[in-house]
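Please read the structure below before turning to the comments.
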Amino acid sequence: MSAAAREHVKDSGRRGSLGHAGSDGSTSAQRMGRHGRFRRGSAENINYSVATDARQTVLQMLIDDGVPSRAHRRNIFNPDFTVIGVAGGRHKTHRFMVVVNFAGDFEESESSVVRGGAATVAEVGKSAPPLADFAAPEPAALRKRHYL
């Protein structure tokens, strides 16, 4: 699932696009399907931000300000979702983005297995500067977030 999230970060980030659709028209379910098989539903949260702080990203999804449906919050607290895949990286317009894929269950294809999470860490390390390079965003910057 992290491979599917990473795929969308790379695709959207380099183009500076917003949204759940890939440049090839793919949905999050189709991207997850390229890397394995999910069962009992799926969903995707995306956060665009100037900060790379994981805690702030999760808090923003929980608060879900600016998203009338509160879909991020609903996905996080959905008891049917028992596994997640996460990836983050540079975004051409919004500096940084995080994609979180949710599913009730997921069986990765052998070609997508991430050994010990090292590929995810390496990928984020290549696509974003160290966290220390980012100052904590001011409250006004927090209000300028884009959520999908």
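A few remarks follow.
- Of the helices (runs of 4 or more DSSP H) entirely within segment 1-108, those holding at least 1 residues that are open to solvent by 40 Å² or more (accessible area, probe 1.4 Å) and modelled with pLDDT of 90 or more occupy 2-15, 28-35, 71-77.
- Conditions (1) in contact with a Pro (Cβ under 9 Å, 6 or more places away or on another chain); (2) more than 18 Å from ARG90 (Cα to Cα); number of the one not met by THR52: (2)
- Pairs, first within 9 Å of GLU108 (Cα to Cα) and among the charged types (D, E, K, R) in segment 32-49, second modelled with pLDDT under 90 and part of a strand (DSSP E or B), C-beta under 7 Å, six or more apart: ARG37/GLU107
- Once segment 95-116 is narrowed to residues that are in contact with a strand residue (DSSP E or B) (Cβ under 7 Å, 6 or more places away or on another chain) and small (Gly, Ala, Ser), the residue that is nearest to ARG14 (Cα to Cα) is SER112.
- When segment 83-94 is filtered for residues that are in contact with a strand residue (DSSP E or B) (Cβ under 7 Å, 6 or more places away or on another chain) and among the charged types (D, E, K, R), only ARG90 remains.
The values are calculated or read from the model by the stated rules, or taken from the named source; none is laboratory data. Worth saying up front: this structure is predicted, and the values here are computed from it rather than measured. Note that we place each Cβ from the backbone using ideal geometry, even for glycine, and neighbour counts take in every protein chain shown. Only protein heavy atoms, including side chains, enter the accessible area calculation; ligands, DNA and RNA are left aside. Shrake-Rupley method; radii C 1.70, N 1.55, O 1.52, S 1.80 Å.
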